Amino acid sequence: MTKNILVTNDDGVLAPGLLALAQEMRKLGTVTILAPDRNWSGGGHVKTLDRALRVREFHLDDGTQAFGGDGAPSDCVALATLGYFKEKFDLVVSGINVGANLGHDVTYSGTVTAAMEAVIAGLPGVAVSLEIPDGHVGPIDFGPSALAAGMAVRNVLQHGLPADTLLNVNVPFLKQDEIQGFRMTRQGLRVYHSRLDERVDPRGRPYYWIGGEAPTGVPESGTDVGALSDGFVSVTPLQLDLTAYRAVSEINTWNWHDPILSEVSLLRPSSVVAAEKQ
Ligand code: MN
């Protein structure tokens, strides 16, 4: 049975990284494309509820039919999986993003949150991002990252993914023969250098940009940041369960007994045991 693959991204439906990904995915199944009609980078996990969503048809540089939605990447995945297309999808792949999505980036990333929306739809999701060196100008070769995406998606189609799990794949900015291989990683530490840039509009009112230098990272071994700095493709399994299990016991030692509601124990021991069991 041929597989139905939904391709999306957050750089916009006409981004060259999406075309490279779609062309690679065509080797693995039937490809359908629905992605934002503009750049949504940094848009996070969005569900648009306060306005209508519209979809327009596009054609990519190689003539491929694609669809562009005016919502976020996660809205596009929701549209696609809730019935915009007749197809039932086997997998959602998002990318290839221009710029790595490492550490805490995943909470901002439209690329990664599109794959999170796949999980919510009950489908395997894979996010693929290409590291771009700070200050890089000129064309970008998506070839090696497309091959890495093919490797990851082929594996997911063969093995499936555990429930509540997506893959966050990050590819170093290297030539194909310079890439050292794949590494299974955990989220590392991104270091943000955001600075508030206050300016004044022509009417004398202040306005703001969140500016500053590009984020860096701590290249610790075993992490996504570390793998990229060693020349490896980083594969991080992510889950949507954000519960901080390590914090449950300690926070349960605080006083949760309201003296006014002295009969009520808001956090019963049994609920803590249940939370820790996972
Ligand atoms: Mn992006």
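In table form, for the structure just shown:
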quantity	calculated
Any pair with Cβ under 9 angstrom, 6 or more apart, that starts in segment 220-235 at a residue that is over 11 Å from VAL171 (Cα atoms) and ends at one that is surrounded by 14 or more Cβ atoms within 10 Å (Cβ to Cβ) and aromatic (Phe, Trp, Tyr)	GLY226/PHE232
Single condition ALA118 does not satisfy, out of (1) surrounded by 24 or more Cβ atoms within 10 Å (Cβ to Cβ); (2) under 15 Å from VAL235 (Cα atoms)	(2)
Any pair with Cβ under 6 angstrom, 6 or more apart, that starts in segment 36-48 at a residue that is more than 11 Å from the ligand (Cβ to nearest atom) and ends at one that is of a type in the set (D, E, K, R)	ASP37/ASP70; THR48/ASP75
Residue match in segment 139-154 (condition: at pLDDT 95 or above, open to solvent by 20 Å² or more (accessible area, probe 1.4 Å), away from the ligand (no atom under 16 Å from the Cβ) and touching a strand residue (DSSP E or B) at 6+ places or on another chain (Cβ under 8 Å))	yes
Subset of segment 109-124 [more than 8 Å from the chain's Cα centre (by Cα) and within 16 Å of the ligand (Cβ to nearest atom)]	GLU117
Which numbered condition GLU213 fails, given (1) among the acidic types (Asp, Glu); (2) at pLDDT 95 or above; (3) more than 16 Å from the ligand (Cβ to nearest atom); (4) not in a loop (DSSP other than H, G, I, E, B)	(2)
Search result, residues across segment 48-63 that are more than 21 Å from THR32 (Cβ to Cβ) and either open to solvent by 80 Å² or more (accessible area, probe 1.4 Å) or assigned to a strand (DSSP E or B) (or both)	LEU49, ASP50, ARG51
Scope segment 218-229; condition open to solvent by less than 30 Å² (accessible area, probe 1.4 Å) and either out of contact with any Gly (no Cβ under 9 Å at 6 or more places or on another chain) or assigned to a strand (DSSP E or B) (or both); matching residues	THR223
Residues of segment 79-98 satisfying the condition of being assigned to a loop (DSSP other than H, G, I, E, B), open to solvent by less than 40 Å² (accessible area, probe 1.4 Å) and either at pLDDT below 95 or in contact with a Lys or Arg (Cβ under 9 Å, 6 or more places away or on another chain) (or both)	PHE89
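The values are calculated or read from the model by the stated rules, or taken from the named source; none is laboratory data. Computed from a predicted structure; not experimentally measured. Note that each Cβ is placed from the backbone with ideal geometry, even for glycine, and that neighbours are counted across all protein chains shown. Remember, those area values only see protein heavy atoms, side chains included, never the ligands or the DNA or RNA. Shrake-Rupley method; radii C 1.70, N 1.55, O 1.52, S 1.80 Å.
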